[in-house]
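Peer 1: Pasting a structure here, questions to come.
The values are calculated or read from the model by the stated rules, or taken from the named source; none is laboratory data. The structure presented is a predicted model; accordingly, all values stated were derived computationally and were not measured. In this analysis, Cβ positions are derived from the backbone assuming ideal geometry, glycine residues included, and neighbour counts consider all displayed protein chains. Areas reflect the complete protein model, heavy atoms only, side chains present, ligands, DNA and RNA absent. Shrake-Rupley method; radii C 1.70, N 1.55, O 1.52, S 1.80 Å.
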Amino acid sequence: MDDVPLATLHPGQSGHVVSLDREHPLRRRLLELGFVRGARVTVVRCAPMGDPTELRIGGSALALRRADLHGITVRQ
Amino acid sequence: MPAPRPPGALVPDEQACRDTIQRLQAVREPRIVVVGNPNTGKTTLINALAGTNLKVGNWAGVTVEKRQADLQLQGRTIHLLDLPGAYSLSPYTPEELVTRTALLDEGPDVILNVLDAGNLERNLYLTLQLMDFRIPVAVALNLVDEAKEKGLTVDAAALSRALGVPVTETVASRQQGTKTLLEHSLKHATLGIGVRYPAAIEDAVADLTGRMAYLPTLPPHAWRYLALALLEGDPSVRGRLSATGHTALIDAADAHLAALETQDTDALIDIAEARYARAGDIARLAVPQVQARRTLSEKLDRLTLHPLFGIPLFLALVLLVFRLTFSVASPFVDLIGEPLQETAAGWASALLVSLPLLRDLVVGAIIPGVGTVLSFLPTLLVLYLAMSFLEDSGYMARAAFLMDRLMRSLGLDGRAFIPLILGFGCNVPAVSATRTLERRSDRVLVSMIIPFMSCSARLPVYVIFAAALFPRSGSWIVWSMYLLGMLMAFLFAWLLRRTALPAEGGGVLLELPPYRFPAWAVLWKHAWRRTKSFARRARTTVLATVAVVWLLLALPAVSGGKFAQVDPKDSVFGSVAQAVSPLFAPLGFGNWQATGALVPGFIAKEVVVGTLGQIYLGEQAAAPAPLGLIEGTKQALGATWDALKTSVAAIPTVLALPQLGADTGADQKSPLAAALARAFTPASGLAYLVFVLLYTPCIVTVGAIAQEHGRRVAWITVAYQLAAAWIMAFLVYQLARALGL
C-alpha cells in the first residue's frame with residue numbers, strides 16, 4: 001500500500017489516484033477527465049519511442065507524457 | 001486529507017421545472033445548441049438531424065467550425081447550432097472557449113447534450129456542469145450500438161430519472177431516434193437535477209450569486225455557473241469578469257477561497273469530486289451490469305501501436321494515402337491541365353476573334369489561372385477524403401501517440417506531425433490541418449514550416465533539372481531535395497521556438513478514441529466543403545496574380561514595342577527580371593531567364609518548368625486551334641471519360657510498391673533539358689533547385705496561412721523563406737563549386 005508516482009507503474013499495472021500535484025500543468029483537465037481521489041487508473045502501454053504512456057481511466061483511453069505522470073500519485 | 005464528503009444531488013425545484021417547460025412551449029423560434037464531449041458522434045448526429053439544411057462556416061474571429069441549421073418541426077422554426085466538442089466548460093482549447101462563450105452569451109433555449117453511451121461517467125461530468133446553467137437540458141444517448149459491443153447496456157429510463165431530463169437513445173450513424181430526440185428536446189427539456197456541492201462551497205456560491213443579482217450585465221441563467229467557475233479558479237472566467245469591470249466579484253470569490261483554504265478545502269478538487277461522485281452514482285444506476293469485453297479497438301491497438309510495427313505501419317499508411325491521392329487524382333489533374341484548357345482556349349479564341357486584346361487576356365491569363373486552381377481540386381478532394389477518414393476513424397490520434405516523442409524535441413506534440421506529413425502532398429490542406437493543434441503558437445509555428453515540406457508540385461522542376469544535369473544520379477538529387485526540405489523545417493522549428501514562438505508549456509494530453517468506421521456521407525460532405533472553400537479562396541488571389549504576370553509580360557519596356565507583342569526579354573517583366581538578376585549571381589544563376597522563371601513559380605511551383613520552357617525555347621503559347629462548339633464539347637467529354645477510366649484503373653496499382661526515385665531517363669532527350677544543360681552548370685543547377693524548393697510558398701498556400709493566422713504571419717513566412725532560400729542556395733552553389741562540380 002505504497003503511494004507512488006504514476007510514472008513508476010509498468011504496463012499492465014494499475015492503482016487508485018491519491019492526489020495531483022498542485023503545480024501539475026494539466027491539473028484542472030485531469031480532474032475533469034476523472035483523475036479524482038480513488039479513481040482506478042491502469043497503465044496500458046508505452047509508445048514505441050518510450051513516451052508517452054497510454055492510460056485507461058473510467059471508459060477513456062488517454063495518453064500522457066512521462067513528465068506529466070510524475071505529478072500524479074497513486075496507491076497500488 | 002479530509003474524509004470524502006457524501007455525494008449529493010440538488011433537490012429539484014418542481015415549480016421552476018414546470019415553468020421552464022411552459023416557457024419553452026411559448027418560444028416561437030427556439031434555439032437549440034448541441035453540446036458534447038469530443039468523439040461522441042456529434043457531427044454525425046448533427047448531419048442526421050439537419051440533413052441538407054446544414055450550413056458550415058467559421059466562428060467570427062477564430063478558425064473553429066460553426067455548423068448550424070434551421071429546421072421546421074410542427075410549424076415551428078428551430079435554430080440548431082452545433083458547438084465544438086468539449087470535455088468540460090473550463091476552456092482549454094479554442095474550441096472549448098467557443099462552446100463556453102456561446103452558452104454564456106447566447107442564452108440558448110435548450111441545450112441538447114450528446115452522450116457516448118460507452119463512456120457514461122466522463123460524459124456525465126459535462127452534463128452535470130451544464131446543469132449549473134439555468135437552461136433546459138435534453139440528452140441524446142448516442143453510440144448505443146457501440147456500447148453494447150463493449151458489453152454495456154444503458155437503461156435510458158433510469159438515466160432520465162436520475163438526471164431529471166428527457167433521454168433519447170440514438171444511433172446517429174443509422175439515423176435512429178433523431179426525430180424523437182428533437183421532439184423531446186422541445187417538449188420535455190428541463191433544468192434537471194444538478195449537483196449539490198459540499199456545504200462550504202454551496203454557501204460561497206449562494207453569496208456570490210446573491211451579489212450577481214445586483215449586476216444587471218450578468219445573465220441570470222449563468223449565475224450559478226459563474227460562481228462555481230470563480231471558485232474553481234477558472235482563469236478565463238476571471239479574465240472575462242475583470243475585463244467587464246466585475247473585480248469586486250473576483251475579490252469576493254478570492255475571499256471565499258482564502259477562507260476555504262484555512263479549512264483545508266481545495267474548491268477545485270471538491271467541486272470535481274462532487275461532480276464525479278454524482279456522475280458515478282448515476283452511471284451505476286443506468287448501467288447496472290457491466291460485462292467487460294475486449295473490444296475491437298483494443299485488439300487493433302495491439303497491432304497499430306505495436307512497439308516494433310507501429311511506426312512502420314504508420315509510415316506505410318502515409319505512403320498509401322499519397323499513392324492513392326496521386327494515382328486517383330492525377331488523370332483529372334492532367335485533364336484539367338491540357339485538354340480542358342485547350343478546349344476552353346479554343347472557344348475563347350473563336351468567340352473573341354474581333355477583340356484580340358481581350359482574347360489574349362482570356363487565353364493567356366484567365367484560362368490558365370482558373371486552370372491552375374481547378375487542377376488543384378482533384379488532388380485536394382482525394383487528400384481531404386483520406387484525411388477525414390483517418391481522423392474520423394480514430395487513427396490520427398494513434399499517429400499522434402506514435403510520433404509524440406519525436407515532435408517533443410521541437411517543443412511540439414505528436415499531433416503536429418500530421419500536418420507536416422500532409423505537406424508532402426500539398427501544403428494547402430496541411431496548413432488547414434494545423435487546426436487540430438491546441439495552442440496558437442504551435443499552429444503558427446507548424447504553418448510557418450510546412451512550406452519547406454516539398455509538395456508534389458515541386459517534383460517536375462527537380463525531374464527536369466535532374467534529367468538535364470545529373471543523368472546518372474537523378475533520383476538521388478530528387479530525394480536529397482525532400483530531405484533538405486525536412487531538415488530545414490526542423491531547423492526553423494527549432495529556431496522559431498527559441499526566438500519568436502517559445503513553447504507555451506503545459507502538459508500534453510491525447511485521447512485515443514475507440515476506432516469507428518466513418519459515415520461516408522459525413523466524410524464526403526467534409527471533404528467536399530473543404531475543397532470548395534479552397535476553390536473560393538484561391539480563385540481571386542490566383543487569378544489576380546496570373547493577370548498581373550500576364551500584363552507585365554505584355555507591356556513593352558523598350559520604345560517601339562507593341563502591347564502584347566513583345567519578346568519576353570523586352571517586356572516589363574523581362575527588364576525587372578534583368579534588374580534583379582545580379583542578386584542571384586552569387587547563387588550561380590544570375591541571368592534574367594532563370595530569375596524570371598521564378599516569379600510565376602509564386603503562383604504554383606510546377607509553373608516554373610513551363611516558364612523556363614517559354615523563355616529558353618522561345619516558345620510562345622501555341623495558338624490553340626479554334627474548335628467548334630460541338631466538336632469541342634465532344635473532345636472535352638471524351639477526355640473526361642478517359643480520365644475517369646484511368647483514375648479507376650489506378651486504384652489497384654496503389655498497393656504496388658512505389659518506385660523509388662523519379663524516372664529521369666525519359667526526359668533526357670527533351671529540348672528543354674538540353675537547353676537547361678547548356679544554360680546551367682551542375683553547381684548552379686543544384687543551387688537553382690534548392691532555391692525552388694525553399695524560396696516561397698505558392699500563392700495558394702500563402703492565402704491559406706493568411707486565412708488561418710492572418711496576413712502578417714503569411715508575409716513573414718514568405719520573407720523568411722526567401723532569405724533562407726537565398727542563403728541555402730548560396731551555400732550549396734559555393735560548396736558545389738569548391739567540390740569541383
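Peer 1: Give the distance, in whole Å, between the Cα centre of the stretch B:144-158 and the Cα centre of the stretch B:437-506.
Peer 2: 48
Peer 1: With +1 assigned to the C-beta of every Lys and Arg and -1 to the C-beta of every Asp and Glu, and no other charges, what is the dipole magnitude of the protein assembly as shown about the Cα centre in debye, to the nearest 20? All intermediate terms of the calculation are to be shown ahead of the outcome.
Peer 2: Numbers: 74 positive and 65 negative charges, 223 e Å.
With Lys and Arg at +1 and Asp and Glu at -1, about 1060 debye.
Peer 1: In whole Å, how far is the Cα centre of the stretch B:37-114 from that of the stretch B:346-403?
Peer 2: 30
Peer 1: Chain B: longest stretch without exposed GluC sites (Glu not before Pro) (DSSP loop, at most 12 other Cβ within 10 Å), sites themselves excluded?
Peer 2: Longest stretch, sites excluded: B:1-503.
Peer 1: So which GluC sites (Glu not before Pro) in chain A end up in coil per DSSP with only 10 or fewer other C-beta atoms within 10 Å?
Peer 2: Those satisfying the criteria are A:Glu23.
Peer 1: In degrees from 0 to 90, rounded to the nearest 10, what is the angle of the helix B:178-187 Cα long axis to the longest principal axis of chain B?
Peer 2: That works out to roughly 50 degrees.
Peer 1: Would you mind telling me the share, in percent, of accessible area of the protein assembly as shown contributed by carbon and sulfur at probe 1.4 angstrom?
Peer 2: 62
Peer 1: Still on this structure: Which cross-chain or sequence-distant (5 or more) residues have an amide H under 5 Å from the amide H of B:Glu169, H modelled 1.01 Å from N in plane?
Peer 2: Amide H neighbours of B:Glu169: B:Leu141.
Peer 1: Still on this structure, I have one more. Starting from the Cα-Cα distance between B:Asn53 and B:Ser409, subtract it from 0.36 nm times their residue separation and give me the gain in nm to one decimal.
Peer 2: 123.6 nm
Peer 1: Using a simple charge model, +1 on the beta-carbon of Lys and Arg, -1 on the beta-carbon of Asp and Glu, nothing else, what dipole does chain B show about its Cα centre, in debye to the nearest 20?
Peer 2: Its charge dipole is roughly 1300 debye.
Peer 1: Here is a follow-up. Quick one: what are the phi-derived ³J(HN,Hα) couplings along the stretch B:388-401, Karplus 6.51/-1.76/1.60 with θ = phi - 60°, whole Hz, x for glycine and proline?
Peer 2: Karplus values, whole Hz, x for Gly and Pro: 4, 4, 5, 5, 5, 6, x, 6, 4, 4, 5, 4, 4, 4.
Peer 1: List the residues, sorted by chain then number, that are 5 or more residues from B:Ala86 or on another chain and whose placed amide H is less than 5 Å from its amide H.
Peer 2: Here B:Gly36, B:Asn37 satisfy the definition.
Peer 1: Where does helix B:629-653 land angle-wise versus the long Cα axis of chain B, in degrees 0 to 90, nearest 10?
Peer 2: 70
Peer 1: Would you list, by chain and number, the lysines whose Cα falls below 17 Å from the Cα of B:Lys562, excluding same-chain residues fewer than 8 positions away?
Peer 2: Result set, ordered by chain and number: empty.
Peer 1: Among B:Gln707, B:Ile367, B:Ile78, which residue has its Cα furthest toward the positive end of the charge dipole of the protein assembly as shown, with +1 on Lys/Arg Cβ and -1 on Asp/Glu Cβ?
Peer 2: Toward the positive end, the furthest listed residue is B:Ile367.
Peer 1: Let me ask you something else. With the solvent-accessible surface defined on protein heavy atoms using a 1.4 Å probe, which residues belonging to the stretch B:491-522 display a reduction of at least 50 Å² in accessible area in the multichain context relative to the isolated chain?
Peer 2: SASA drop of 50 Å² or more in the stretch B:491-522: B:Val508, B:Leu509, B:Leu512.
Peer 1: How large is ³J(HN,Hα) for each residue in the stretch B:700-715, as worked out from phi by the Karplus curve 6.51 cos²θ - 1.76 cosθ + 1.60 (θ = phi - 60°), to whole Hz, x for Gly and Pro?
Peer 2: 5, 5, 4, x, 5, 5, 4, 5, 6, 10, x, 5, 4, 4, 4, 6
Peer 1: Also, quick follow-up: Could you work out how much longer the chain between B:Lys645 and B:Ile716 gets when fully extended? Use 0.36 nm per residue separation minus the Cα distance between them, nm to one decimal.
Peer 2: That pair, B:Lys645 and B:Ile716, stretches by 21.2 nm at full extension.
Peer 1: Now for a different question. Where in chain B lies the longest segment free of trypsin sites (Lys or Arg not before Pro) that are both loop residues by DSSP (not H, G, I, E, B) and have at most 13 other Cβ atoms within 10 Å?
Peer 2: For trypsin sites (Lys or Arg not before Pro) (loop position, at most 13 other Cβ atoms within 10 Å), the longest site-free span of chain B is B:29-292.
Peer 1: Of chain B, which part is the longest with no chymotrypsin sites (Phe, Trp or Tyr not before Pro) in a loop (DSSP not H, G, I, E, B) and with at most 14 other C-beta atoms within 10 angstrom?
Peer 2: B:310-562
Peer 1: Over the stretch B:681-741, what is the mean sequence separation of C-alpha contacts under 8 Å (at least six apart), divided by residue count, expressed as relative contact order in percent?
Peer 2: 53
Peer 1: Whole-Hz Karplus ³J(HN,Hα) for the stretch A:13-25, in order, using 6.51 cos²θ - 1.76 cosθ + 1.60 and θ = phi - 60°, x for Gly and Pro?
Peer 2: 8, 9, x, 10, 5, 9, 7, 10, 4, 5, 8, 4, x
Peer 1: Excluding ligands, DNA and RNA, what is the solvent-accessible area per residue of the stretch B:394-443 at a probe of 1.4 Å, expressed in Å²?
Peer 2: In whole numbers, the stretch B:394-443 has 21 Å² accessible per residue.
Peer 1: Can you work out the FRET efficiency for the pair B:Asp19 and B:Ala521, with r the C-beta to C-beta distance and R0 = 41 Å, to the nearest 0.05?
Peer 2: 0.55
Peer 1: Please work out the Cα center distance from the stretch B:302-339 to the stretch A:54-70, rounded to the nearest Å.
Peer 2: Cα centroid to Cα centroid, the span is 31 Å.
Peer 1: Let me ask something additional. Under a point-charge model restricted to the Cβ atoms of Lys and Arg (+1) and Asp and Glu (-1), what is the dipole moment magnitude of the stretch B:390-513 relative to its Cα centre, in debye to the nearest 20?
Peer 2: So the dipole magnitude of the stretch B:390-513 works out to roughly 340 debye.
Peer 1: Can you tell me which lysines have their Cα less than 30 Å from the Cα of B:Lys55? Leave out same-chain residues fewer than eight positions away.
Peer 2: B:Lys42, B:Lys66, B:Lys179, B:Lys187, B:Lys525, B:Lys532
Peer 1: Can you tell me the 0 to 90 degree angle between the C-alpha axis of helix B:267-286 and the longest principal axis of chain B, rounded to 10?
Peer 2: Tilt of helix B:267-286: around 80 degrees.
Peer 1: With a 1.4 Å probe, what is the total accessible area buried between chains B and A, in Å² rounded to the nearest 100?
Peer 2: Working: alone 33680 and 4900 Å², together 35030 Å².
Approximately 3500 Å², summed over both chains.
Peer 1: Further question: Name the residue from B:Ala222, B:Ile21, B:Leu552 whose Cα lies farthest towards the positive end of the charge dipole of the protein assembly as shown, charges +1 on Cβ of Lys and Arg and -1 on Cβ of Asp and Glu.
Peer 2: B:Leu552
Peer 1: Could you list which residues have their amide H under 5 Å from that of B:Val195, counting only those 5 or more apart in sequence or on another chain, with H placed in the peptide plane?
Peer 2: The answer is B:Leu10.
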